[in-house]
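Novice: Mind looking over this structure? Questions follow.
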Amino acid sequence: MSDSIIINREDLTGEAAVWLIQALNAELSATYPEPGATHFRLDPEETKEGRGTFLVARVDGVPMACGAIRKNDDETVEIKRMYVAPEARGQGLSRRVLSALEAEAARLNVKRIVLETEPRQHAAIALYERSGFQRIPAFGEYIGSPMSICMEKRL
């Protein structure tokens, strides 16, 4: 991995964000082709200052990874849209994005971070478990979603 890795807040509707999210959605669609599989939403206003953030990791200036948090309530943020481009995987970029998101959550003064992932996301589940996340019952829009695995980390 290059020494030139920069992680910055970016607009969810910006060019890098759109490209990364399209790549994420294409990968999820290929991994979960079953009828009823869904990609849960994230709205631009949910990533505005004070409500959340959308981060893009650039390697040598090229967008290679992203992740977001959104406030679900005064005590909880939810991780959304975590993605690392295939050519940048296995080099610790996801840990760096997750760490930056956790720092943003702490800055928002919340007490816990929650997330939803899916059973075929083996690397993501391992990352979250290594980072101190534990499985919890489905919450919010994921209740009743048979492919959802929900996790939390207390801060």
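Novice: Report whether or not Arg81 is of a type in the set (Lys, Arg) and farther than 16 Å from Glu10 by Cα.
Specialist: Here the answer is no, as Arg81 does not meet what is asked.
Novice: Same structure again: Restricted to region 44-57, and to residues that are without any contact (Cβ under 8 Å) to a residue 12 or more places away in the chain and not basic (Lys, Arg), which residue is surrounded by the fewest Cβ atoms within 10 Å (Cβ to Cβ)? Let's see the steps before the verdict.
Specialist: We begin by selecting, within region 44-57, every residue without any contact (Cβ under 8 Å) to a residue 12 or more places away in the chain; these are 45, 48-49.
Applying the additional criterion that residues be not basic (Lys, Arg) yields 45, 49.
Working: Glu45: 10, Glu49: 8.
My answer is Glu49.
Novice: Sticking with this structure for a sec: Among the residues of region 115-139 satisfying the criterion of being open to solvent by less than 90 Å² (accessible area, probe 1.4 Å) and more than 12 Å from Glu152 (Cα to Cα), which is nearest to the chain's Cα centre (by Cα)?
Specialist: Ranking the qualifying residues of region 115-139, first place goes to Ala124.
Novice: Determine if region 86-100 includes at least one residue that is assigned to a helix (DSSP H, G or I), of a type outside the set (A, V, I, L, M) and at pLDDT below 95.
Specialist: Of region 86-100, the ones assigned to a helix (DSSP H, G or I) are 86-88, 93-100.
Those still in the list that are of a type outside the set (A, V, I, L, M) too: 86-87, 94-96, 99.
Right, trim to at pLDDT below 95 and you get none.
Scanning region 86-100 turns up no residue that is assigned to a helix (DSSP H, G or I), of a type outside the set (A, V, I, L, M) and at pLDDT below 95.
Novice: Which is within 23 Å of Ser148 (Cβ to Cβ) and in contact with a helix residue (DSSP H, G or I) (Cβ under 7 Å, 6 or more places away or on another chain), of Arg130, Arg120? Let's see the steps before the verdict.
Specialist: Details: Arg130 fails: in contact with a helix residue (DSSP H, G or I) (Cβ under 7 Å, 6 or more places away or on another chain).
Sole residue among the options that is within 23 Å of Ser148 (Cβ to Cβ) and in contact with a helix residue (DSSP H, G or I) (Cβ under 7 Å, 6 or more places away or on another chain): Arg120.
Novice: When you go through Leu12, Leu55, Leu24, Leu42 one by one, which is the residue that is assigned to a strand (DSSP E or B) and within 13 Å of the chain's Cα centre (by Cα)?
Specialist: Unique residue meeting the criteria: Leu55.
Novice: Within region 58-78, is there a residue that is open to solvent by 30 Å² or more (accessible area, probe 1.4 Å), among the charged types (D, E, K, R) and in a helix (DSSP H, G or I)?
Specialist: No, because not a single residue in region 58-78 is open to solvent by 30 Å² or more (accessible area, probe 1.4 Å), among the charged types (D, E, K, R) and in a helix (DSSP H, G or I).
The values are calculated or read from the model by the stated rules, or taken from the named source; none is laboratory data. Bear in mind that the values here come from a model prediction, so they are computed numbers and not experimental data. Virtual Cβ from ideal backbone geometry, glycine too; neighbours counted across all protein chains shown. Areas reflect the complete protein model, heavy atoms only, side chains present, ligands, DNA and RNA absent. Shrake-Rupley method; radii C 1.70, N 1.55, O 1.52, S 1.80 Å.
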